[in-house]
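Notes for the one structure printed next.
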Amino acid sequence: MSGTPMKLILTQEVTGLGGPGDVVEVAGGYGRNYLVPRGLAMRWTSGAEKQIELIRRARSAREIRSLDDAREAVGRLASLQVRLQGRAGSGGRLFGSVSPADIAAAVKAAGGPELDRRRIEIKNPIKTVGVHQVTVRLHPEVIATLDVDVVGA
């Protein structure tokens, strides 16, 4: 039966499960058929336990350190004017769409904090010029909303 629990070490952020370096127990099928093949997790072994520390160290270097840092970043993001330029045709439709990496670069260019593109969530693809809202998960308990002004070139 595939319902037997499986112990895994996450190598990437998995929404609703945890972040890199977390040891989680999931259903066998979910681990075997989804998390491990996609490189989101690796099987837990005593040898792999040593790798957890390396993953956590890399994560802490990138991650906004604490809840206070996350709240401060929310204030910095709220005061930013984030503007992106994209090639647009007549009617304001963009050629392509705006990616989370584009938004992260625009935030940094506007003088904001460096954001991990994987933490930027775009609910509906941004394919037109104008102001669009995106959410940024700065910390498991802190989510910021950011207005991105897309202008045509």
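The values are calculated or read from the model by the stated rules, or taken from the named source; none is laboratory data. Just so it is clear, the structure is predicted and the values come from calculations on it, not from any experiment. With ideal geometry, Cβ positions are generated from the backbone for all residues, glycine too; neighbour counts draw on all protein chains shown.
Annotations
- Residue that is touching a residue at least 60 places away in the same chain (Cβ under 8 Å) and acidic (Asp, Glu), where the choices are ASP149, ASP116, ASP68: ASP149
- Members of segment 118-131 that are modelled with pLDDT under 90 and either more than 19 Å from GLY91 (Cα to Cα) or out of contact with any helix residue (DSSP H, G or I) (no Cβ under 9 Å at 6 or more places or on another chain) (or both): ARG118, ARG119, ILE120, GLU121, ILE122, LYS123, ASN124, PRO125, LYS127
- Residue within segment 123-144 that is under 23 Å from THR15 (Cβ atoms) and basic (Lys, Arg) present: yes
- In segment 38-55, the residue that is farthest from the chain's Cα centre (by Cα) out of those that are surrounded by fewer than 17 Cβ atoms within 10 Å (Cβ to Cβ) and closer than 22 Å to ARG117 by Cα is LEU54.
- Flag for SER90 being farther than 16 Å from LEU80 by Cα, of a type in the set (Ser, Thr, Tyr), modelled with pLDDT under 90 and touching a strand residue (DSSP E or B) at 6+ places or on another chain (Cβ under 6 Å): no
- Hits in segment 1-38 (condition: part of a loop (DSSP other than H, G, I, E, B) and under 27 Å from GLU141 (Cβ atoms)): THR11, GLN12, GLU13, THR15, GLY16, LEU17, GLY19, PRO20, GLY21, ASP22, ARG38
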